[in-house]
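A short write-up of the structure that comes next.
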Amino acid sequence: MSLSKLWGAWERFWFDEGSPLPVALCRIFFGVLVLLFFRWVLPDVDVFFGNHSIISAETAAAYRGHPQLDLLDFLPKSDLWLHLLMALLAVAGLGLTFGFFSRTSALVAALIILTLNSRGHFALHTGHSIMTVMLFYLSLSRCGEALSVDRLLRRRRQPDPEPGPVEKGSVLGQRLIQVQLAIVYWSAFAGKLQGDTWVNGTAVYYATHQAGFVRFPFPYLFDQLWACRLLSWGTLAVEFSLAFLVWVREIRYVVLAAGAIFHLVLDLVLVLPLFEYVMLACYVCFVDADDLLRAGAWAARFIAAPLSAVSSGARQLWFRLANTLTRPVFPACWPAARKQVLAPVLLVYLVSAFVAASPPSAFTRLFSRFPGRVLDRLGLASNFGVFAPEPQDYNQQFEAVITFADGSKKRWVFPRLSQGKRQPGQMEQKFFWSEWQMYFMAVPARTQRALFRDAAKYVAWLHRNQGNQPVHVSIYRTYSMITVNTGRPQAAPAAVTANVFDYPVAPEDLQ
């Protein structure tokens with residue numbers, strides 16, 4: 001194949017016209033996910049993102065390396081503005097779900113989640129980074145041109161408000177989501193190959209024996225080395241397929257089905273809130289619009305089967321919502337000059353995103369000096385490896401001992417999933433939320449002194465008392481190794497508790 005034919009195929013991939021139905025359904029799913037994110041992060045928003053958070057903005061910026069866009073940097077330093085941003089996030093989630101100011105809602109949600117990730121990325125995980133990128137792409141798509149209030153309002157302004165035929169238009173936003181999804185799986189697959197445990201098959205054993213992440217244990221399955229090896233290698237196979245084989249049309253749905261089963265099993269076993277559903281929501285963009293129409297019509301007929309009249313009406317309503325579109329975001333016919341400009345830009349951008357998501361190397365470090373830094377600041381580039389290159393091979397828990405001015409002491413245990421009911425001064429149990437466990441993973445060693453200092457300052461501020469102020473905080477870490485079950489008798493690893501940080505409380509820490 002000649003170079004000109006390859007370039008022509010590249011242009012057709014990006015600039016062919018298609019139905020906006022897949023990206024519209026993707027928008028609805030992401031709207032629901034944004035609302036869930038709002039609901040789950042709201043109780044702890046001050047703890048991880050406020051002015052008195054357990055991770056200061058300065059520490060978060062220092063550990064990121066590259067600064068990210070942070071809306072709070074442009075606002076007065078008050079938790080009121082953080083709460084207003086959270087309220088705006090809820091409004092944006094509703095806008096996405098119902099398709100009201102769809103593209104604007106997607107961009108607003110992306111910027112707010114990017115702000116939270118910049119402020120408290122130690123408490124968030126890869127799923128939130130992926131959500132940010134996909135929301136940004138939705139803001140560039142035709143996500144509001146089907147199944148939306150935007151469509152209904154625009155149709156009412158038309159001379160003839162009756163539904164018309166499907167209007168094909170730009171699929172640029174949908175293509176960006178598809179390619180980004182493949183990059184995410186490439187990052188996860190390539191990152192895992194850099195370690196030993198995924199190659200030798202023990203990674204799943206370590207991942208499923210981390211106390212803070214396991215939702216429902218399956219002792220027989222995950223305690224068997226042979227089963228863990230099959231699951232570890234199966235994970236690599238699924239991620240490779242979703243990075244490359246998903247582009248083969250003939251086997252695409254088989255690959256997507258394997259990926260769906262993979263993520264649903266992960267969601268059953270591990271507490272990684274939203275991550276699995278963010279990935280599954282993106283799968284919709286790989287489904288053909290005609291197949292979605294047939295599936296929707298079948299579902300409407302099946303759900304309302306007992307009432308034939310209702311069934312017929314539901315089926316007609318589905319086709320009206322799915323087929324009645326408004327004017328496209330981008331021109332239906334792309335001028336040749338625009339293609340010639342955008343096609344090279346897209347090529348450079350996607351190569352940059354691909355390299356940024358690849359495992360660290362001399363090449364990626366060289367690349368990150370300029371384009372990677374720009375993309376990272378916008379939240380569009382990240383290493384998306386999950387449990388890569390190695391899953392954590394230990395369990396740990398932190399607690400603090402606060403010494404007050406009168407010499408009395410108090411022991412304060414950092415919240416964890418197994419604590420159950422809400423206790424005074426602590427967070428409620430997070431069955432579907434793992435901010436604290438992600439935070440614990442970020443402080444595995446004494447070298448990260450700034451994180452311990454911020455934690456000590458937070459604990460002191462939390463226990464401030466006008467009549468008896470805290471004067472000293474000591475942080476202790478309880479640590480135990482995870483040992484692989486080889487089938488031979490072996491002693492359980494002993495847990496070790498050690499003092500990892502002492503902090504004399506200053507008066508300004510209590511203000």
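Return the pair list, or none, for Cβ contacts closer than 6 Å from residues in segment 398-414 that are assigned by TED's automatic domain parsing to the domain that holds V471 to residues that are of a type in the set (G, A, S) and surrounded by 10 or more Cβ atoms within 10 Å (Cβ to Cβ), at least 6 apart or on different chains. Close Cβ pairs satisfying both conditions: V401/S474; W412/A400.
Filter segment 99-113 for residues that are on the phi < 0 side of the Ramachandran plot and part of a loop (DSSP other than H, G, I, E, B) and give the result.
Listed by number, the list holds a single entry, F100.
A Cβ distance below 8 Å, combined with a sequence gap of six or more or placement on separate chains, defines the contacts here; from segment 47-58, residues that are surrounded by fewer than 24 Cβ atoms within 10 Å (Cβ to Cβ) reach residues that are part of a loop (DSSP other than H, G, I, E, B) and of a type in the set (G, A, S) in the pairs V47/S53; N51/S78. Which of the residues belonging to segment 198-230 are more than 24 Å from the chain's Cα centre (by Cα) and assigned to a helix (DSSP H, G or I)? Passing the criteria: V199, N200, P219, Y220, L221, F222, L225, W226, A227, C228, R229, L230. Taken together, the residues in segment 118-134 that are more than 10 Å from the chain's Cα centre (by Cα) and of a type outside the set (A, V, I, L, M) amount to 5.
Just for segment 242-262: of the residues that are assigned to a helix (DSSP H, G or I) and touching a residue at least 40 places away in the same chain (Cβ under 8 Å), which one is surrounded by the fewest Cβ atoms within 10 Å (Cβ to Cβ)? Please lay out each step first, then the result.
First pass over segment 242-262, keeping only residues assigned to a helix (DSSP H, G or I): 242-243, 245-247, 249-262.
Then keep just the ones that are touching a residue at least 40 places away in the same chain (Cβ under 8 Å); that gives 242-243, 246-247.
Numbers: L242: 25, A243: 20, V246: 22, W247: 14.
Of everything passing the filter in segment 242-262, W247 is surrounded by the fewest Cβ atoms within 10 Å (Cβ to Cβ).
Report yes if some residue within segment 388-408 is in a loop (DSSP other than H, G, I, E, B), within 28 Å of G212 (Cβ to Cβ), among the acidic types (D, E) and at pLDDT below 70; otherwise report no. No, that holds for no residue.
For segment 431-447, state whether one or more residues are within 25 Å of P273 (Cα to Cα) and either in contact with a His (Cβ under 8 Å, 6 or more places away or on another chain) or at pLDDT 80 or above (or both). Scanning segment 431-447 turns up at least one residue that is within 25 Å of P273 (Cα to Cα) and either in contact with a His (Cβ under 8 Å, 6 or more places away or on another chain) or at pLDDT 80 or above (or both).
A Cβ distance below 7 Å, combined with a sequence gap of six or more or placement on separate chains, defines the contacts here; from segment 338-358, residues that are at pLDDT 75 or above reach residues that are in a helix (DSSP H, G or I) and among the acidic types (D, E) in the pairs A343/E11.
Have a look at L181, L152 and point out the one that is in a helix (DSSP H, G or I), modelled with pLDDT under 90 and under 30 Å from W14 (Cβ atoms).
Values: L181 fails: modelled with pLDDT under 90.
That would be L152, the only listed residue that is in a helix (DSSP H, G or I), modelled with pLDDT under 90 and under 30 Å from W14 (Cβ atoms).
The values are calculated or read from the model by the stated rules, or taken from the named source; none is laboratory data. In this text, all values refer to a predicted model and were calculated from it rather than measured experimentally. Reconstructed Cβ throughout: ideal geometry from the backbone, glycine too, with neighbour counts over all protein chains shown.
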